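Below is one structure; the comments refer to it alone.
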Amino acid sequence: MSKRSTLAQVIQHHWRESVPDDRLAHLIKDASRGLGRALQMRLAEHGVSFGHWTFLRILWNGDGMTQRALSDMAGVMEPTTFSAVKAMEKLGYVERRQKPGDRKQVFIHLTPLGLSLKDKLVPLAEEVNAVAVEGLGEREIVAMRKALLAMIDNLARDEAQAAEDNRRIPSTREVAGRLSGAQPSRNKQV
């Protein structure tokens, strides 16, 4: 028996027998992890990191956005985006440009090399999607897509409500400070 089939059996045993009624969030996380790993393996063959894939995919759909907009679309903090853009710039995938008369905002643009990666990399993502839904019927795929989109909408509304209630995710520094007792919480309720 190959190492790959043994790993698959362990994962299947975990979900079907060990914790068959575990939370949906855990199933989605494991499915997402599997999708991500499958894509990472394929991207690595082309010398592209998974983190860069995320930003490239966004730019392929809307080239020339600010770093902040790119961060928002990717769902990551601006320092993460800054580091990724800097690395992608060194690789020749993107370039930063300022509009004449506006030195504050920097716009991220794909280079011809960054744009050309789309034709090589998108089929890899499509292949991963095909692998993931193998054995599922069209109705199951449509139902799953509908359910996941409803969950995304529900969670987006929940996040918007949290923002209105002035709740937010604390920074790593804030959490560390709370744990050490050195820094009071900004969200502390009196």
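Points to keep in mind about this one:
- Ranking of I169, I108 by neighbouring Cβ atoms within 10 Å, starting from the fewest: I169, I108.
- Label reach from I169 (point 7 Å along Cα→C-beta): in region 40-56, amide nitrogens under 17 Å belong to 51, 54-55.
- Positive minus negative residues near L121 (Lys, Arg vs Asp, Glu; Cβ under 12 Å): 0
- Sparsely packed loop sites in region 117-153 (the GluC sites (Glu not before Pro) outside DSSP H, G, I, E and B with at most 14 other Cβ atoms within 10 Å) comprise E134.
- Likely footprinting exposure, M41, M88, fewest C-beta neighbours within 10 Å first: M41, M88
- Cα-based Rg of region 135-182 normalised by 2.2 N^0.38 Å, two decimals: 1.90
- Spherically averaged projected area of region 26-132 from its Cα convex hull (nm²): 7.2 nm²
- As a proxy for reagent exposure, ranking D63, D158 by other Cβ atoms within 10 Å from fewest up yields D158, D63.
- J(HN,Hα) series, region 138-148, from Karplus relation 6.51 cos²θ - 1.76 cosθ + 1.60, nearest Hz, glycine and proline x: 4, 4, 5, 5, 4, 5, 5, 4, 4, 5, 5
Read the figures in this text as sums done on the coordinates, not as results from a lab. Worth saying up front: this structure is predicted, and the values here are computed from it rather than measured. When we count neighbours, we look across all protein chains shown, and the Cβ atoms used for this are built from the backbone with ideal geometry, even at glycine.
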